[in-house]
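Since the structure comes first, as structure tokens, the remarks are kept for the end.
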């Protein structure tokens, strides 16, 4: 008898959509041997998962699947085919996608191009800051480019100072449904700086406030002129925004400021922001440049300085550790550009198509590469298949972060029954976890756990998007459930 992987999988997961595998068969026909994912016996287990889920009281849906990481053998599942919001676990798929299309040693380049010769210390033409899509470019990196420019004897230009951001498609915000002031939802383009965030600083001065914008990094903290902020006599909204073209205009409610502080706000014109900061840094080193102008096309000329990013692998490690959305979008789009994809939306779709072809994913669709968009969906089955089939060859396990265990009081415990390396994901009333478990007896598991109350998430008003009522406690209970499920799997399946 010939059984297809997809047909077998549908039968198996259909059986476990109810309570804790209560109706699952003791064994199932196995497909012909082949490299990659394997389905097989699924033991009937106790009702403990239902009891844990009920005690968590999350509402919405809880789905999961755990498999033998070496063979792909499914061990236990709950609604494994149900598409769920992946939140930031989508970044694990983005990492796999980028590693296949760009390679672990890929490096982004940011260049300075002179469109004419240099005579008497001046470029006879334009100087162009050319972005290569680097998501990690900082103010300090621009400072190093300025230093290289000055070292080459360049002190000015006869033409224009231009910036080019066409290496990647531009989007004004990763998720247009999010409130405009959220720093984790900036623009993305081929020229990015400081994760496309600007630092808003304020300090009480008598009866008023001193406010400003800077682009601080470790060594440099230049004032920013491409964004400005004013204080408004209002209580709500806390922030308002207007894109004025060359200058981004912010206002902040006076009553929200307190004595002083700082906060990163998103940048919507990262090309002009980078040009603004570069011009200020250049002036400080004796290089006079006019105000930056956006270049529609990449001009020809001579490269006079280059900044190269770190290799892709450590960039991905940081992306997965710190869950930076802009990094994920830039890297995902850079990978898609290798396939001729020219838009952000099409890039997410291309990643879903790739996952279907490479890991037989049938319930994955991506609206972005970071998981920030609530429209993205993936099933536990599809996620685990990617971890088992694609993860080992890509070295994904070595890029994921360790997940510590906590006791009932929330304190980190050293009595951890197994090592877990995984990617976490959090949206309002959505909490996800996907990765690997190394347990006693040489047991290696791959798993995905998705919890989400989508209706409750959709009902959160804009004013509470950062801290919705009940959100923190909901996430705490979800993470506790995730740990309990892993502890149970270790107890049941570790030799």
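The values are calculated or read from the model by the stated rules, or taken from the named source; none is laboratory data. Quick caveat, the model's predicted, so the values are computed rather than measured. A quick note on method: Cβ atoms are made from the backbone with ideal geometry, for glycine too, and the neighbour counts reach across all protein chains shown.
Considering each residue of region 171-181 in turn, none proves to be buried (at least 21 other Cβ atoms within 10 Å of the Cβ), on the phi > 0 side of the Ramachandran plot and in contact with a helix residue (DSSP H, G or I) (Cβ under 6 Å, 6 or more places away or on another chain).
Within region 389-417, the set of residues being crowded, with 19+ Cβ neighbours inside 10 Å and in contact (Cβ under 8 Å) with a residue 40 or more places away in the chain comprises 389, 390, 391, 394, 396, 399, 400.
Residues of region 405-425 that are at pLDDT 95 or above and under 22 Å from residue 474 (Cβ atoms): 420, 422, 423, 424, 425.
Just name the residue that is nearest to residue 465 (Cα to Cα) out of those in region 233-249 that are in contact with a helix residue (DSSP H, G or I) (Cβ under 6 Å, 6 or more places away or on another chain) and surrounded by fewer than 17 Cβ atoms within 10 Å (Cβ to Cβ). So the residue we want is 235.
Residues of region 307-323 include at least one that is over 14 Å from the mean Cα position of the chain (by Cα) and farther than 30 Å from residue 376 by Cα. Restricted to region 1-101, the set of helices (runs of 4 or more DSSP H) holding at least 1 residues that are at pLDDT below 50 comprises 5-15.
For region 464-495, a tally of residues being modelled with pLDDT under 90 and more than 23 Å from the chain's Cα centre (by Cα) returns 2.
Checking each residue in region 315-344 for being surrounded by fewer than 19 Cβ atoms within 10 Å (Cβ to Cβ) and assigned by TED's automatic domain parsing to the domain that holds residue 396 picks out 317, 318, 321, 322.
Conditions tested, residue by residue: (1) over 12 Å from residue 303 (Cβ atoms); (2) within 26 Å of the chain's Cα centre (by Cα); (3) without any contact (Cβ under 8 Å) to a residue 24 or more places away in the chain.
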| site | (1), (2), (3) |
| --- | --- |
| 94 | yes, yes, no |
| 97 | yes, yes, no |
| 100 | yes, yes, no |
| 120 | yes, no, yes |
| 125 | yes, no, no |
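Confirm whether residue 159 is assigned by TED's automatic domain parsing to the domain that holds residue 281, crowded, with 16+ Cβ neighbours inside 10 Å, modelled with pLDDT of 95 or more and closer than 29 Å to residue 88 by Cα. Here the answer is no, as residue 159 does not meet what is asked. Looking at region 250-261 only, could you name the residues that are surrounded by 14 or more Cβ atoms within 10 Å (Cβ to Cβ) and part of a strand (DSSP E or B)? Residues satisfying the conditions are 250, 251, 252, 253.
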